Structures are given as structure tokens and as C-alpha cells.
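Q: Pasting in a structure now, in C-alpha cells, and then I'll have a few things to ask.
The values are calculated or read from the model by the stated rules, or taken from the named source; none is laboratory data. Treat the numbers as computed from the prediction; the structure is a model and nothing was measured. For neighbour counting, all protein chains shown are included, and Cβ atoms are generated from backbone atoms with ideal geometry for every residue, glycine included. Remember, those area values only see protein heavy atoms, side chains included, never the ligands or the DNA or RNA. Shrake-Rupley method; radii C 1.70, N 1.55, O 1.52, S 1.80 Å.
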Amino acid sequence: MSQEIAILGAGMHPWGKWGKYFVEYGVAAAREALADSGVPWQDVRFVSGAATIRCGYPGYVAGATFAQALGWQGAEVNTSYAACASGSQALAAARTKILSGACDVALVVGADTTPKGFLAPAKGYRPEDPDWVRFYLGVTNPTYFGLYARRRMDLYGDTLEDFAAVKVKNAAIGSKNPRARYQKCFTTEEVAASAMVADPLRLMDICATSDGGAALIVSSVEYAKKIGKGDAPRIAAISTVTPTFASGVVEMPDIATDSAAAAGIEASSYRSSIPLKAYEEAGIGPEDISLAEVYDLSTALELDWIEDLRLAPRGEAAQLLRNGDTSVGGKIPVNASGGLACFGEAVPAQALSQVCELTWQLRGQAGERQVEGARVGITANQGLFGHGSSVIVKR
Amino acid sequence: MSAKPLAPAIDGWHTMDMHQPHLIGTRCIDCGTYFFPKQSSYCRNPACDSTDFEEVELSRTGTIWSYTNACYKPPEPFVAADPFEPYAIAAVQLEQEQMVVLGQVVAGVGVEDLKVGMPMELVLETLYEDEEDTKVTWKWKPRSASGAK
Ligand SMILES: [Zn+2]
């Protein structure tokens, strides 16, 4: 178990559309995480930033930007970019540094300020860029979510009411999360009355984009023990594995899948490969999980993730939902934070915010959202081009 | 239809046969893997380091993997009609190539006409018009004539 690191502190700037520069959110989150950990800023020897590509050059060198904003003190810096999985890759960089013995304590931080409307690709005639091609042909992000959702309906019998129930569940618990952007309960009727975006998904089935910032202070287990925090929650696994060729699932932003004509079809998409590696690395199985934070870019996608995490057999996640098993108080609560439904996506901060929630849950500090007796939590999120990440946190 | 000449929305991605069009992909000479869009400098099969590819016409029929629609106007570089007309989108599995290709569904066919597993064929239809040309692209159309209204 020498591959574990301790989580000493967690912090978040509330999600919203605050209109401030991203550095402000990151600094607020970092200061909260530092205060939570009790570690002086000067003792942090590695700053691992998750990049944002929408806030100019400071976003590309996020590690250095946050280190400067918090006050240069000679720490080493790193920046990671992997779309929504950026935070996990920044966390993985910190873990590697700590486990190699190169530093005892690291700050991992990500923050974003999002522009209004669609995230459009660079201009010009650029058919070599799959992101340009799909927008040119009229394929947006909700298209992919709609395809996955409709396939669930035709294959497994999921219904529009099931998808709406995910939103209702997440909104109900998110209404009790002071860091969430949307703290309002919704009814199935309200979801059904919202505008259709990408059939079968409506406006309220699809997550928004938000401003936000999240940070973690992580350390070696020895350091945690030395400062009297040997029982702090630990990172037991970080998985960022790719799928294997040929993947049969069409992934954003591609217009076509791999061809399996020669290599044969690899049945598992990256969404189901990632948790397998995480479970293996942590030496546990799905039956050990107390709660999960998954990337509900759409309501239907939460159900896909539940099956990818092996928390339900393929095609049976909706039944789990109908039983109330995925609500707080149920057998396996999913998105006890309220999920993206209540936060909206703040790309480089989102994977870290999932780990923040697990940290508070495992410490028993989640207030009205508390999952009783939470011991092990798992996260799942996605980047682009069929990659993503999964993190396991345990006590 | 206007009298403007027809031109492909993206050069070289499909034949311009208006009756029996094909997508144009490549096939790895060594391992036989197909690629669309064309790949001609490296093979993405991890067991293959070939740099030799031949251009091939892909199957013009397949079955629906899944489908959805676009109820809102996409951002640029999409060129939308005014007023915007929603359209269906299908992901179609090609049997021989064992790959799934996305595309709009022909005008007049909505999600209520589609089902996972339904046979589809490739056709060419207008994507938009600019000053010189009518730009056409590939779209999917139900093979049973009854699917189209
Ligand atoms: Zn090859």
C-alpha cells in the first residue's frame, strides 16, 4: 500500500457565473485547502496546476500562475491539460512526485472562467481537425450525449422519466450544497417542460458550463503521520488509461469510430476501461464502493457511468435509480454533491471538485449530504478523444 | 434546388455520384484496417507500423447504432439556413469496415422514424449554399422507402 498518498486539505470556490478572472477562483480554493490542511504555504514544494485554454497565456502555465499568485516561494511547478480530466492528471503528477520522494507536500489546483455560449473551434477551412469537421457538419456536444441516451432507450428500455429522475435526484441533493451553482429542486414535470436540445435530451438533462475553482493539498503518508493526520483520506488509485484499439463507441469530437475490420472489436470503451484499472490499482472491487461522483454531462450519461463503474450490470442502472439506490440514503449514492447537474462544468476544476467531495464525505463533513459510514469513494470523468480519469479515495 | 453547381462541402471525402455515392476512406495495405476520414501516413492499429495505404470507397449501407437530432443551431463553422431547420443525426455501423460513421439524416426524416438496427444508405444532400456553389455532403437515409415521408 506504499502507492497511496494522503489528502490533507480540500477547498473550492463556489461554482457560478461570477465573471472574475480564473486566477481568483484558484487562489480562493488553494487558500481554503491550505487552511483545511494546516500546512503553511511555504512548506508546499510542488504546485501542480490544471490548465485552462480559454483564459489566455496564464491558463496554459496554470501551475506557475497559481504559484505566483499565492506568492513565489521556490516550489517546483507543473501544468497538465486533458480537458475535463486535467485535474486528475495534475493530481497524478503530484502523486508521482511524492511517491518518488522528490517532495512531501503538493498543491493541486484548477480553475476556469467560461465564455458565454458554445465552445466553438478555431476558424478557417480545417478538415484535418476533427473538432472543426463535426461542427461544420452540424454535430455538437449534445449530439453525442443524445446518441448515447437514445441507444439506452432502444436497447435497455430506459425512459424519458428515468432521465428526468436523475435530474430531480441530483437537484434535490445539490440544493443542500452551498458550493453548487444551482441550489434549486426541480420536478419531473419541470424537466419534461424544458426545451428539447438533442432528442431524447432536454435543456435540463444537459449540464451547463460554469466558473469555479478546486484545490487539494496532498502529501506522503509519512508526512501526514508526522503532523498527526495519519487517518486522513488517501488517494488509493488514479487511472487515466486509454481504451484499446478498436473502440466501437463514437467519441467526441470524432465523426467516426476506429475500424475493427482487422484488429477485432474491443468491447470496452474508455469509460469502462478506466474504472477497471482504478479498482486493480486500489486492490478493491465495485462491492467496496460507498459512493461515486460521476460525470453527468447529461442525465443519461450518469446511468452509463454507473454501469461502467460496475455498480450495476449493463442495462440495469435505471432500475437502481428507480429503487432509490443511487440517492443519498440508498445503497450506492451517486453524485451526492449534486453532480454537474447542479455545478455546471468548470473544466480544469471539475475532476478535483469530485475528489474534494469524496474527501469531505469520507471525513463525515458533508452535512445534509452526508453518506453514512462512507469509507471508499470513486470518481469518473471524461476528457476528449476517448480518454478520461477515475480516482479512488479511501479511509 | 438552385441552379448553382454542386460542390462537396469537404473535398475528397466522398464520391460525387448523386445516385450511389460512397464515402472515400483508406485501407492499410498491411493489416486491412479501414480509416475514415482518410489516414495515409500512419496506421492506428497498435499491432501495425505500416505506412502504406490505398484509397477505398466505403460501403454505402449499414445499420443504425444510435440517433438523435439538433434542435438548436450549431455554432460556426456550421452554416445554418435562416430560419434554422432542425435535423436528425444518425450513427451508422458499416458491416464490412466494422466502423460507425456519423452524419445528418436526410431532410423530412425525424427521430420518430428511426430505430437502433434500422438499415440505412448513404446519399448526398445540400449542407448549405454559398455565393458560388451548392455544397453537398453525405447524409443517411432509411433504406425502407416507407421511412421517408
Ligand atoms: Zn495497419
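Q: If we scan the range A:245-256, do we find a residue that is in contact with a strand residue (DSSP E or B) (Cβ under 8 Å, 6 or more places away or on another chain), part of a loop (DSSP other than H, G, I, E, B) and at pLDDT 95 or above?
A: Yes; the residues of the range A:245-256 include at least one that is in contact with a strand residue (DSSP E or B) (Cβ under 8 Å, 6 or more places away or on another chain), part of a loop (DSSP other than H, G, I, E, B) and at pLDDT 95 or above.
Q: Could you list, in sequence order, the residues of the range B:86-102 that are at pLDDT 95 or above and open to solvent by 30 Å² or more (accessible area, probe 1.4 Å)?
A: Answer for the range B:86-102, where residues must be at pLDDT 95 or above and open to solvent by 30 Å² or more (accessible area, probe 1.4 Å): B:Pro86, B:Gln93.
Q: A further question follows. For the range A:124-139, give me the residue count where each residue is in a loop (DSSP other than H, G, I, E, B) and at pLDDT 95 or above. Lay out the reasoning, then the answer.
A: Start the filter on the range A:124-139 by keeping residues that are in a loop (DSSP other than H, G, I, E, B), which leaves A:124-129, A:137-139.
Filter again for at pLDDT 95 or above, leaving A:137-139.
Of the residues in that region, 3 qualify.
Q: Yes or no: the range B:83-92 includes at least one residue that is of a type in the set (Val, Ile, Thr), more than 8 Å from every other protein chain (Cβ to nearest Cβ) and away from the ligand (no atom under 16 Å from the Cβ). Before the answer, list the steps.
A: Step one: filter the range B:83-92 for residues of a type in the set (Val, Ile, Thr), giving B:89, B:92.
Next, from what is left, pick out any that are more than 8 Å from every other protein chain (Cβ to nearest Cβ): B:92.
Subset that is away from the ligand (no atom under 16 Å from the Cβ): B:92.
Yes; the residues of the range B:83-92 include at least one that is of a type in the set (Val, Ile, Thr), more than 8 Å from every other protein chain (Cβ to nearest Cβ) and away from the ligand (no atom under 16 Å from the Cβ).
Q: If B:Thr51 passes every condition in (1) more than 21 Å from the chain's Cα centre (by Cα); (2) within 11 Å of another protein chain (Cβ to nearest Cβ) but one, which one does it miss?
A: Going through the list (1) more than 21 Å from the chain's Cα centre (by Cα); (2) within 11 Å of another protein chain (Cβ to nearest Cβ), B:Thr51 breaks only (2).
Q: Taking the condition of being open to solvent by 20 Å² or more (accessible area, probe 1.4 Å) and in contact with a helix residue (DSSP H, G or I) (Cβ under 7 Å, 6 or more places away or on another chain), how many residues in the range A:72-98 meet it?
A: Quick first cut of the range A:72-98, residues open to solvent by 20 Å² or more (accessible area, probe 1.4 Å) only: A:72-79, A:81, A:89, A:92-93, A:95-97.
Pick out the ones that are also in contact with a helix residue (DSSP H, G or I) (Cβ under 7 Å, 6 or more places away or on another chain) and you get A:73, A:75, A:77-79.
The qualifying residues number 5.
Q: Give me the residue from the range A:203-222 that is more than 24 Å from A:Asp36 (Cα to Cα) and in contact (Cβ under 8 Å) with a residue 24 or more places away in the chain and, out of that set, farthest from the other protein chains (Cβ to nearest Cβ). Break it down stepwise before answering.
A: Taking the range A:203-222 and keeping what is more than 24 Å from A:Asp36 (Cα to Cα), we get A:203-210.
Then keep just the ones that are in contact (Cβ under 8 Å) with a residue 24 or more places away in the chain; that gives A:204-210.
Details: A:Met204: 14, A:Asp205: 12, A:Ile206: 11, A:Cys207: 16, A:Ala208: 14, A:Thr209: 13, A:Ser210: 19 Å.
Across the range A:203-222, the extreme among qualifying residues is A:Ser210.
Q: Also: Limited to the range B:57-78, what total is found for residues that are more than 8 Å from chain A (Cβ to nearest Cβ) and more than 23 Å from A:Val249 (Cα to Cα)?
A: Filtering the range B:57-78 down to residues more than 8 Å from chain A (Cβ to nearest Cβ) leaves B:57-64, B:73.
Now drop any that are not more than 23 Å from A:Val249 (Cα to Cα), which leaves B:73.
Here the count works out to 1.
Q: Go through the range A:35-123 and tell me which helices (runs of 4 or more DSSP H), entirely inside it, have 2 or more residues that are β-branched (Val, Ile, Thr) and farther than 24 Å from A:Glu251 by Cβ. If you could, list the steps in order and put the result at the bottom.
A: On the way: elements: A:57-60, A:62-70, A:86-99.
Correct list: A:86-99.
Q: Turning to a different aspect of this structure: Suppose we filter the range B:39-82 for residues that are within 16 Å of the ligand (Cβ to nearest atom) and either of a type in the set (Ser, Thr, Tyr) or open to solvent by 80 Å² or more (accessible area, probe 1.4 Å) (or both); how many remain?
A: Pass one, the range B:39-82, residues within 16 Å of the ligand (Cβ to nearest atom): B:39-56.
From what's left, either of a type in the set (Ser, Thr, Tyr) or open to solvent by 80 Å² or more (accessible area, probe 1.4 Å) (or both): B:40-42, B:44, B:46-47, B:49-52, B:55.
Final tally of qualifying residues: 11.
Q: Please specify each residue of the range A:149-161 satisfying the condition of being of a type in the set (Asp, Glu) and surrounded by 22 or more Cβ atoms within 10 Å (Cβ to Cβ). Lay out the reasoning, then the answer.
A: Narrowing the range A:149-161 to residues of a type in the set (Asp, Glu): A:154, A:158, A:161.
Within the range A:149-161, A:Asp158 is the sole residue that qualifies.
Q: Sort out which residues of the range B:93-124 are under 23 Å from A:Pro142 (Cα atoms) and either touching a helix residue (DSSP H, G or I) at 6+ places or on another chain (Cβ under 9 Å) or among the charged types (D, E, K, R) (or both), and write them in order of number. Please lay out each step first, then the result.
A: Pass one, the range B:93-124, residues under 23 Å from A:Pro142 (Cα atoms): B:93, B:99-118, B:120.
Selection gives B:Leu102, B:Val105, B:Val109, B:Val111, B:Glu112, B:Asp113, B:Leu114, B:Lys115, B:Val116, B:Gly117, B:Met118, B:Met120.
Q: Something else: Give me the residue from the range B:15-38 that is open to solvent by less than 10 Å² (accessible area, probe 1.4 Å) and in a strand (DSSP E or B) and, out of that set, nearest to the ligand (Cβ to nearest atom).
A: Residue satisfying both the conditions and the ranking: B:Cys28.
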